[in-house]
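Beneath this line is the structure, given in structure tokens, with notes to follow.
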Amino acid sequence: MSQPYTEDDQRMIRLQEGDQSAFDDIVAAWQDSLYGYFFRRIRDAQRSEDLVQETLLRLFRKAWDYVPTGRFRGWLFRVAHNLLIDSVRRQSSDALIRRVSATVVADGEQADLLNLMPGDLVSAEARVAEEEVVEVVYELLDELPDDQRQTFMLHHFESLTLSEVADAMATTLPTAKSRLRLAKEKLRYQLTCRGFAEETVPENN
């Protein structure tokens, strides 16, 4: 028995059938999430808004390419991810490239990030000032390879499942799992090396 269509699938089917109000529903449902995705990476409100509009416009133009299989979120964030990469490539400034590649931890999110690490790292907040935690996490995320950083951010900041992350990054589920594991191991190791917890060497070097 076939699975019932998700709400997002139903919107896309309506859009494919020519129902223009379906696009308005998609915009209302996803524009805030898309804005957060872009803004966390480039810290530029206007460019983030522009990229949201480009993403939604591309979604509209590519609506017929979508197959309603319950994987809309991964499909949408693949569109967003590709546009972000294109945007970076259009920028000649090394400073801008660094800003896009890095992750800025927004207010309150540094605690969320540390809570995603093993329990022995959660005590970091109690040992350093909040500003130092943010600075170090920012630096460490910046040092990760792009595929690992993007996997970590999509999974933890955008709440995509690993299957959706794999879709968004046009890779396989095992590869997404491997990238996330490596990202966590590197973050854990670097944090412990900097004195935020007792030194712990990653299990799989």
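The values are calculated or read from the model by the stated rules, or taken from the named source; none is laboratory data. All values derive from a computational prediction rather than experimental measurement. Here Cβ is always computed from backbone atoms with ideal geometry, including for glycine, and neighbour counts include all displayed protein chains.
Tabulated data for the structure shown
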{"read-out": "Unique match (being closer than 21 Å to Asp8 by Cα and either surrounded by fewer than 17 Cβ atoms within 10 Å (Cβ to Cβ) or among the small types (Gly, Ala, Ser) (or both)) among Asp24, Asp50", "value": "Asp24"}
{"read-out": "Residues satisfying the stated conditions in segment 163-183, i.e. hydrophobic (A, V, I, L, M, F, W, C), under 14 Å from the mean Cα position of the chain (by Cα) and buried (at least 18 other Cβ atoms within 10 Å of the Cβ)", "value": "Val165, Ala166, Ala168, Met169, Ala176, Leu180, Ala183"}
{"read-out": "Elements of type helices (runs of 4 or more DSSP H) in segment 1-64, at least 2 residues being under 19 Å from the mean Cα position of the chain (by Cα), outside the structural domain of Asp142 (by TED's automatic domain parsing) and among the acidic types (Asp, Glu)", "value": "45-61"}
